[in-house]
Amino acid sequence: MATKKVTVTIPEDLLDEIRADAAERGLSAYVAEALRFKRDRDRLLELVDWLQEEHGPVTEEERAAALAELDDLDAEHERRRTVGGHDAGEAA
């Protein structure tokens with residue numbers, strides 16, 4: 001992948017923390033990953049805005065149902081981790 005060197009200004013205390021966290025990967029890899037994460041989050045927020053314009057805001061009931069489904073999925077993933085995964089033929 002092509003790369004390009006740029007200059008950015010970062011508060012010194014933040015830079016010290018990032019350097020400590022990024023030690024093995026390197027500062028450039030850490031910053032690139034953070035920028036990708038931010039870009040992806042911005043795109044998701046744009047999608048949410050568009051969906052709400054098209055279909056209206058999410059109701060509390062819809063939100064509660066979605067959170068309950070996520071809890072169920074988390075519980076299933078945890079169950080699979082504790083019992084050693086799933087069989088090759090079992091649906092994920």
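The values are calculated or read from the model by the stated rules, or taken from the named source; none is laboratory data. As the structure is a computational prediction, the values presented were derived from the model and not from experiment. Virtual Cβ from ideal backbone geometry, glycine too; neighbours counted across all protein chains shown. Keep in mind that these areas ignore ligands, DNA and RNA; they rest on the heavy atoms of the full protein, side chains included. Shrake-Rupley method; radii C 1.70, N 1.55, O 1.52, S 1.80 Å.
Structural remarks
- Using alpha-carbon coordinates, inclination of helix 60-82 to the longest axis of the chain, degrees: 80 degrees
- Separation in nanometres of the label points that stand 7 Å from Cα toward Cβ, at Arg25 and Thr59: 4.1 nm
- Counting every C-alpha pair in the chain, the share spaced more than 23 angstrom apart comes to 60%.
- Rolling a 1.4 angstrom probe over the protein heavy atoms with all chains in place gives region 1-57 an accessible area of 97 Å² per residue.
- Cα-based helix-to-principal-axis angle, 27-55 vs the chain, degrees rounded to 10: 40 degrees
- Carbon and sulfur %, accessible surface of the chain computed with the full protein complex present, 1.4 Å: 55 percent
- Filtered GluC sites (Glu not before Pro), region 8-88: DSSP coil and at most 11 other beta carbons within 10 Å: Glu24
- Cα long-axis angle, helix 12-21 against the chain (0 to 90 degrees, to the nearest 10): 60 degrees
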